[in-house]
Amino acid sequence: MVNTAVLFAPGFEEVEGLTIVDLLRRANINTSMIGVEGKEVTGAHEVTIATDKLLDEVNIDELDALILPGGAPGFQNLQKNKTVLSMIKESYEKKKIVAAICASPSVLATAGILENKKATIYPGMEEEIKKGRGIIQDDLVVVDDTIVTSKGPATTMLFALKLVELLKDKETSEDVKNKVLLPLIYSE
């Protein structure tokens with residue numbers, strides 16, 4: 001079984017966090033919603049969710065991917081959390097997929113895993129990638145080694161489907177894409 005963890009900090013972007021969880025679960029990927037500061041977490045737009053586990057219940061060795069939604073102040077709450085930063089670093093060192101969308105690629109930069117890696121980020125935040133010695137890309141979704149990044153709310157389905165492809169296979173990703181009717185509004 002494939003296992004992933006999506007980290008929810010106060011101020012997370014609801015579209016990103018919940019869409020990622022939804023699409024991964026549609027692909028039958030075991031996806032845990034992790035509360036960074038508590039079991040109940042309120043997003044950037046006042047949507048409150050109940051998470052499955054707390055941060056201290058996560059075992060990196062049991063994961064295939066660690067995923068960070070963006071949102072403000074969600075990304076800052078991830079960025080200032082030393083446990084989150086060490087989990088990112090450990091996940092990367094253990095060759096796990098480490099994925100971040102919107103402003104959260106800046107958290108990957110802070111964790112020190114973007115050096116000489118291609119990444120994208122929410123428009124206007126490119127300096128954050130450069131601060132982490134990353135190589136800024138303008139693509140909607142960027143994969144470099146085990147690091148996956150994406151631009152923001154509108155690119156969340158593409159980001160989540162890329163994760164499905166990497167964690168399972170292209171066929172499963174295509175199946176989920178068709179079931180959510182993405183081809184009606186977007187074609188690559």
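The values are calculated or read from the model by the stated rules, or taken from the named source; none is laboratory data. Predicted model, so just to flag it, every value in this text is computed and none were measured. Cβ placement follows ideal geometry from the backbone for every residue including glycine, while neighbour counts extend to all protein chains displayed.
Yes or no: Lys80 more than 19 Å from Thr110 (Cβ to Cβ) and of a type in the set (D, E, K, R)? Taking the combined requirement at face value, the residue does not satisfy it.
Residues in region 63-100 that are under 15 Å from Asn3 (Cβ atoms) and among the small types (Gly, Ala, Ser): Ala65, Ser91, Ala99.
All told, Asp144 meets the bar of being in contact (Cβ under 8 Å) with a residue 12 or more places away in the chain, of a type in the set (D, E, K, R) and under 18 Å from Asp64 (Cα atoms). With respect to (1) within 23 Å of Val15 (Cα to Cα); (2) in a loop (DSSP other than H, G, I, E, B), the lone exception for Lys95 is condition (1).
Scanning region 1-19 for residues that are among the aliphatic types (A, V, I, L, M) and at pLDDT 95 or above gives Val2, Ala5, Val6, Leu7, Ala9, Val15, Leu18.
Yes or no, residue by residue, for (1) at pLDDT 95 or above; (2) closer than 11 Å to Asn3 by Cα; (3) part of a loop (DSSP other than H, G, I, E, B):
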| position | (1), (2), (3) |
| --- | --- |
| Val21 | yes, no, no |
| Arg25 | yes, yes, no |
| Asn28 | yes, yes, yes |
| Thr31 | yes, yes, no |
| Gly38 | yes, no, yes |
| Val41 | yes, no, no |
| Glu46 | yes, no, yes |
| Asp61 | yes, yes, no |
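Can you find a residue that is on the phi > 0 side of the Ramachandran plot, small (Gly, Ala, Ser) and in contact (Cβ under 8 Å) with a residue 12 or more places away in the chain anywhere in region 113-123? No - not one qualifying residue is present in region 113-123. Residues in region 68-120 that are more than 18 Å from Thr146 (Cα to Cα) and crowded, with 21+ Cβ neighbours inside 10 Å: Gly70, Gly71, Gly74, Phe75, Asn77, Leu78, Gln79, Ala103. Restricted to region 159-172, and to residues there that are touching a helix residue (DSSP H, G or I) at 6+ places or on another chain (Cβ under 8 Å) and within 18 Å of Val98 (Cα to Cα), the residue that is surrounded by the fewest Cβ atoms within 10 Å (Cβ to Cβ) is Glu165.
Here Phe159 clears all of (1) assigned to a helix (DSSP H, G or I); (2) more than 14 Å from Gly70 (Cα to Cα) except the condition numbered (2).
In the set Lys130, Lys89, only one residue is touching a residue at least 12 places away in the same chain (Cβ under 8 Å), over 26 Å from Asp22 (Cβ atoms) and part of a helix (DSSP H, G or I); that residue is Lys89.
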